[in-house]
Amino acid sequence: MKVILNKDVNPLGEEGDVKDVAKGYARNYLFPRGLAVPYTERNMKVFEARREEIEARKAEKRKDAASLKERLEGTELVITMPAGANGKLYGAVTNQTIADELIKQGFQVERKRIEVPGNHIKSVGKFKIHVKLYESTTAEVTVVIQAQVTKTEEKPEAHKGHQRGHRGAHKEEAAAETSAQENASDAAEARE
């Protein structure tokens, strides 16, 4: 079934495009949401009259995407995450983490448009991610993952060792009490 798109529908197409889609997709999804209209001569004439307006909007989107690409590629994101001594992160850096960091820097980018290599980053280092902007415009952003400074792991181990020594001392005291009780009972038996 042929339809004319009223709005940009990702990944189907842009406003004004004529697309051939399944009848169920058109009737149950595109038409009720106002995303498309049926392809008829009358609807085609309406869109031809709006063609200049649609093309002006597309040109504006291309221009915005080009300027955003320039700004994004000049940006280096630094993300600090808790990590082990070997450089492996305790969590993972995903497209959502990067989207949140971009928002802090003043960029409004949907997380769906951010492509992280392997879907997530699990180690400290410098990585290149891609951000899809508009049509085929893609920005490459450098992301630096740093290890968060945490308390050294030696202190908890030393504390545990102290506890073990305390437990051992408690066991020794209990054993001494038990042997003293046994000696007392042996002495009582000897008197009888």
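No value in this document is a laboratory result; all are computed from the given coordinates. Please read these numbers as outputs of a predicted model, since none were measured by experiment. Don't worry about glycine lacking a Cβ; one is built from the backbone with ideal geometry, like all the others, and counts go over all protein chains shown.
May I ask for the Rg/Rh ratio of region 6-100, computed from Cα atoms with Rh as the Kirkwood radius, given to two decimals?
In region 6-100, Rg relative to Rh is 1.21.
Name the residues of region 1-26 whose amide N is less than 16 Å from a point 7 angstrom out from the Cα of R62 along the C-beta direction?
The answer is 14-17, whose backbone nitrogens lie closer than 16 Å to the label point.
Based on the alpha-carbon gyration tensor of region 29-78, what equivalent-ellipsoid semi-axes (square roots of 5 times the eigenvalues) come out, in whole Å, largest first?
35, 16, 5
Beyond a 31 Å Cα-Cα separation, which of these cross-linked pairs lie in this structure: K58/K104; K61/K88; K104/K126?
K61/K88
Go through 77-83, 3-9 and give me the packing order, highest mean Cβ count within 10 Å leading.
3-9, 77-83
Mind checking region 44-135 for trypsin sites (Lys or Arg not before Pro) that DSSP puts in a loop (not H, G, I, E or B) and that have at most 15 other Cβ atoms within 10 Å?
When the trypsin sites (Lys or Arg not before Pro) of region 44-135 are filtered for loop state and at most 15 Cβ neighbours within 10 Å, R50 remain.
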